[in-house]
Amino acid sequence: MAEGLRERKKRQTRQYISDVATGLFLARGFDAVTIAEIAEAADVSVNTVYNYFPAKEDLFLDRSKGLVDRLCRFVRGRAPGESAAAAVLRELREEVEAVSPRVGLIEGYDQFMRVVHEAPTLKARLWYLQQEIHTNLEETLREETGAPAGDPLPGLMAGQIGWVHQSLMGWIAQEMLVGRKPAEVSREALVLLDEMEDLLGEKVLNYAVRAVG
């Protein structure tokens, strides 16, 4: 369905408030900026900010929903004959090769990560997001394989697959923080993905293979 005028205005307002807040956070640090200052800079009321963003951390991590469901989408979209881990590795390779902002390969990512590292509440939120990613992936693997509720295997596999994603993102962030160029980091990240795939056992690499035909 086409987006209505009201929905479009709400989306645009939300994005504008988020952009204003992010600019202030990057300039001054997360803890130094108040919701009242964000509201004033965006020319909206404090209540309006809270209507769109229940917590201050939501303003900086406003695209986290896509991150939480990311690995699940990769697994559900796997090709016939492709396993869950193989699908995730393929998708991550494609994003790294494309020097995609989705994996942190963008100029200015170092500034974003510095804000995170200097704010304990943001680091705590990212840890919580990682737990959500694991839980969602475990549930998806359980659904895709038909594993019963008491079977620990989907959780173990989610941990292994999630390790690849988390390790890749952490390594890229570390390299970008020291001022390296996205294209340069991209080339080395592809090598890193190959090394991580070699570390995964055959049981992981052959888990949840989508049936052919």
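The values are calculated or read from the model by the stated rules, or taken from the named source; none is laboratory data. Small disclaimer: the values here were computed from a predicted structure and weren't measured. Just so you know, the surface numbers come from the protein's heavy atoms only, side chains and all, with ligands and any DNA or RNA stripped out. Shrake-Rupley method; radii C 1.70, N 1.55, O 1.52, S 1.80 Å.
Provide the three semi-axes, in whole Å and in decreasing order, of the ellipsoid equivalent to segment 46-162 as defined by the square roots of 5 times the Cα gyration tensor eigenvalues. The partial results should precede the final answer.
Numbers: eigenvalues 169, 73, 31 Å².
The three semi-axes for segment 46-162 are 29, 19, 13 Å.
The mean of 1/r over all pairs of different alpha-carbon atoms in the chain, once inverted, gives a Kirkwood hydrodynamic radius of 19.0 Å.
Taking each residue as 0.36 nm, the span from Leu177 to Leu190 lengthens on full extension beyond its C-alpha to C-alpha distance by 2.8 nm. With Cα atoms defining each centre, segment 134-213 and segment 6-78 are spaced 27 Å apart in the structure.
Gain on full extension, evaluated as 0.36 nm per residue between Arg90 and Lys10 minus their Cα-Cα distance, stands at 25.2 nm. Within segment 114-213, the percentage of alpha carbon pairs spaced more than 24 angstrom apart rounds to 39%.
Using Cα positions and a limit of under 19 Å, work out the aspartates and glutamates in reach of Lys181, with same-chain residues fewer than 8 apart set aside. Filter leaves Glu94, Glu95, Glu97, Glu107, Asp110.
Asp151 contributes an accessible area of around 50 Å² to the protein surface, as traced by a 1.4 Å probe with all chains present. For the residues Glu175, Glu40, Glu91, a GNM of the chain with alpha-carbon springs under 10 Å puts the largest fluctuation on Glu40.
Accessible surface for segment 1-112, divided over its residues, is 53 Å² per residue with a 1.4 Å probe. Based on the Stokes-Einstein relation at 20 °C and a viscosity of 1.002 mPa s, and on the Kirkwood radius from alpha carbon pairs, segment 75-144 is assigned a translational diffusion coefficient of 150 µm²/s. Relative to the compact-globule estimate of 2.2 N^0.38 Å, the Cα radius of gyration of segment 9-94 comes out at 1.49.
Leaving out ligands, DNA and RNA, what percent of the accessible area of segment 12-68 is carbon and sulfur, probe 1.4 Å?
51 percent
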